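First comes the structure, then the notes that go with it.
Coordinate-derived values only; no laboratory data. From a predicted model like this one, the values you see are computed outputs, not experimental measurements. Cβ atoms come from the backbone with ideal geometry, glycine included; neighbour counts cover every protein chain shown.
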Amino acid sequence: MIEYGHTADGITERQLGGFFENWPQPPSRETHLRLLRASDQIVLAVDAESGDVVGFITAVSDGILSAYIPLLEVRADHRGRGIGRELVRRMLARLERLYMVDLTCDAALQPFYRAAGMQKAVGMSIRNYDRQSGDEPTIR
Ligand SMILES: CC(C)(COP(=O)(O)OP(=O)(O)OC[C@H]1O[C@@H](n2cnc3c(N)ncnc32)[C@H](O)[C@@H]1OP(=O)(O)O)[C@@H](O)C(=O)NCCC(=O)NCCS
């Protein structure tokens with residue numbers, strides 16, 4: 001059974017693992033936990049039996065008009081069971097009073113987000129690949 005939570009309180013590094021699939025320099029579990037704590041909103045999917053976090057979604061927001069959803073991932077061994085859909089549904093519900101909620105994704109995922117009520121948009125982005133692990137302090 002999957003339980004959904006909205007806080008990183010009580011979550012330990014031991015419960016995190018198997019995420020950032022195919023990232024050349026993935027954040028460590030410690031960094032993963034730090035970013036969960038630092039996000040304005042999160043939803044976690046936890047396997048009730050093992051206690052493992054098997055999916056997560058984050059949002060950063062000004063809390064007034066806008067939010068951005070930078071990260072969504074379901075652990076590979078738990079995909080295809082509706083967990084990703086549920087994480088997005090719960091996050092959008094938490095953000096529903098904001099004017100604008102944005103994310104970027106590959107074209108292949110647009111139907112997944114469209115099914116959650118989102119619309120296709122054009123965006124711009126930059127990636128500093130030497131900062132991908134998030135190991136060092138970032139914002140000055
Ligand atoms: C995308 C992701 C979160 C989906 O999680 P999931 O728990 O497997 O998704 P669900 O089981 O809720 O699937 C819901 C629907 O989306 C579709 N879907 C899921 N992953 C998809 C993908 N990668 N591409 C296209 N469609 C996808 C499913 O087929 C399903 O469709 P259906 O309702 O017609 O059966 C998961 O594949 C993942 O973690 N991928 C790697 C990280 C990633 O790409 N994150 C998104 C960044 S924008």
For the stretch 61-133, build the convex hull from the C-alpha positions and give me its volume per residue in Å³.
127
Each label point is 7 Å from the Cα along the Cα-to-Cβ direction; what then is the distance between the points at Ala108 and Ala76, in nm?
1.3
With contacts defined as alpha carbon pairs under 8 Å and 6 or more residues apart, what's the relative contact order of the chain in percent?
22
Taking springs between alpha-carbon atoms closer than 10 angstrom, which of Arg114, Arg90, Arg37 fluctuates most in the Gaussian network model of the chain?
Arg114
What FRET efficiency comes out for the pair Gln132/Ala48, r = Cβ-Cβ distance, R0 = 25 Å, nearest 0.05?
0.20
Count the net charge of all other residues whose Cβ sits under 14 Å from the Cβ of Ala115, scoring Lys and Arg as +1 and Asp and Glu as -1.
+3
